[in-house]
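Structure, as structure tokens:
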């Protein structure tokens, strides 16, 4: 009977070890699930922020394009085209830097148009006899 008693004790010991390991594994899984939920929530916020930032940048681009077309309206030699479609890019851009580049380019356009108008000679209107 000693074998039976020792086998039963060994079985209880193994069941206790397995139960302890299972409890530790469940606790670890709960902790991991909590971290994953937090990571997913943060990623979701990042995606929503990025989508809003993209929307604002597209609006800025469209408004600057319309302002440029309006500024160049009197330049008949320059063919006006619709706003180009965005290029498919595989690298990440800093939208703040892109918006700054757009503003700088528009400022240069306005300055060039101002300078050009400064140097234009006034034309006399011809009156009909």
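Of 88, 51, 67, which is the most mobile in a GNM of the chain whose springs link Cα atoms less than 10 angstrom apart?
Of the options given, 88 has the highest mean-square fluctuation.
How much mean residue ellipticity at 222 nm does the chain get from its helices, if each DSSP H run of length 4 or more adds -39500 (n - 2.57) and you divide by all residues, to the nearest 500 deg cm²/dmol?
Working: 2 runs with 95 residues, N = 129.
Result for the chain: -27500 deg cm²/dmol, rounded to the nearest 500.
Name the most mobile residue of 14, 100, 32, meaning the one with the largest mean-square fluctuation, in a Gaussian network model of the chain with Cα contacts below 10 Å.
Its mean-square fluctuation being the largest, the pick is 14.
What value in Å³ per residue do you get for the convex hull of the alpha-carbon atoms in the stretch 1-114?
Details: hull volume 14.9 nm³, N = 114.
For the stretch 1-114, the hull spanned by Cα atoms encloses 131 Å³ per residue.
No value in this document is a laboratory result; all are computed from the given coordinates. Bear in mind that the values here come from a model prediction, so they are computed numbers and not experimental data.
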